[in-house]
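Chemist: Here it is, the structure, as structure tokens.
Here, each number is a calculation from the coordinates, and none is a lab measurement. This structure is a prediction, so every number in the text was calculated from the model and none was measured. For neighbour counting, all protein chains shown are included, and Cβ atoms are generated from backbone atoms with ideal geometry for every residue, glycine included.
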Amino acid sequence: MRLQLDNHGIGLRSSNSHHARLLDVAERQRFGQALLKILLQLHAQVDEGDVQLFVHGTGQPYATIKGSPYGVSLSHSRGSWYAAALPDAQVGIDVERRWGFPATLPVERFTLSDWEQCQRLMLEEEPAQAFLRRRWTLKEAYAKATGQGLHFPFPSLSFQHQEHLNSAYFTPVNLMGTDGTWMYWSAEDIQDCTFGLCWRNAV
């Protein structure tokens with residue numbers, strides 16, 4: 001297990017590929033929730049009973065630490081688990097392995113807006129793959145944070161980003177499905193993964 005803490009939030013990576021492949025969907029969910037609870041407990045330096053996990057009526061998970069609310073989100077990819085948590089906020093995280101990501105035409109059409117598909121056509125093969133992965137992770141992170149899951153229409157949200165710049169922040173081109181208060185962050189080449197993260201403070 002790898003634990004990362006800072007003043008703004010917390011992150012966890014736990015690698016146990018053999019064990020993770022043996023778990024079914026429900027068991028993976030329980031396993032991830034257990035890791036998340038351990039993460040919050042270690043971060044806040046509190047007892048196990050001080051951390052509680054819940055699910056909003058709209059579907060997104062959240063936690064309390066001694067009664068203080070935290071937005072939380074989980075993602076796993078090929079045996080590795082990742083979590084994000086922010087105090088008094090909504091947060092979503094998605095992580096995809098760079099190798100093996102299904103950059104197929106159906107995935108592209110499910111993920112990208114018409115505008116984004118046109119932008120991707122102008123890129124060489126490798127940048128085009130990264131373009132799709134980063135937008136998939138950003139949109140799935142947003143779908144998790146809002147509790148919509150894969151019911152969220154991914155093409156309704158477009159992102160603008162200069163792929164050749166080493167900037168991790170993205171800007172929505174259209175605000176369909178958002179109210180302008182969300183922050184979007186994505187990164188490539190971290191442990192051979194693509195990360196998408198979005199969050200907003202509680203309103």
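Chemist: Could you line up 146, 104, 64 from fewest to most neighbouring Cβ atoms inside 10 Å?
Modeler: Working: 146 20, 104 10, 64 14.
Final ranking by Cβ density, sparse to dense: 104, 64, 146.
Chemist: Under 14 Å from the Cβ of residue 136, count the other residues' Cβ atoms, weight Lys and Arg +1, Asp and Glu -1, and hand me the total.
Modeler: +3
Chemist: Quick check: Cα centre of the range 39-65 to Cα centre of the range 141-157, how many Å?
Modeler: After rounding, the separation between the Cα centres reads 23 Å.
Chemist: Okay, moving on. Which value results for Rg/Rh of the range 98-201 when Rg is the Cα radius of gyration and Rh the Kirkwood radius based on the inverse mean 1/r?
Modeler: That ratio is 0.92, to two decimals.
Chemist: Less than 14 Å Cβ to Cβ from residue 62, Lys/Arg counted +1 and Asp/Glu -1: what total charge do the surrounding residues give? It would help to have the intermediate numbers written out before the result.
Modeler: Working: positive: 37, 144, 200; negative: 88.
Net charge in that neighbourhood comes out at +2.
Chemist: Could you list 80, 73 in order of exposure, starting from the residue whose Cβ has the fewest other Cβ atoms within 10 Å?
Modeler: Fewest-to-most Cβ neighbours within 10 Å comes out as 80, 73.
Chemist: Size of the dipole of the range 98-201 about the Cα centre, Lys and Arg at +1 and Asp and Glu at -1 on the beta carbon, nothing else charged, in debye to 20?
Modeler: Dipole magnitude for the range 98-201 comes out near 360 debye.
Chemist: Fewest to most neighbouring Cβ within 10 Å: what's the order for 198, 193, 118?
Modeler: With the fewest neighbours first, 198, 193, 118 line up as 118, 193, 198.
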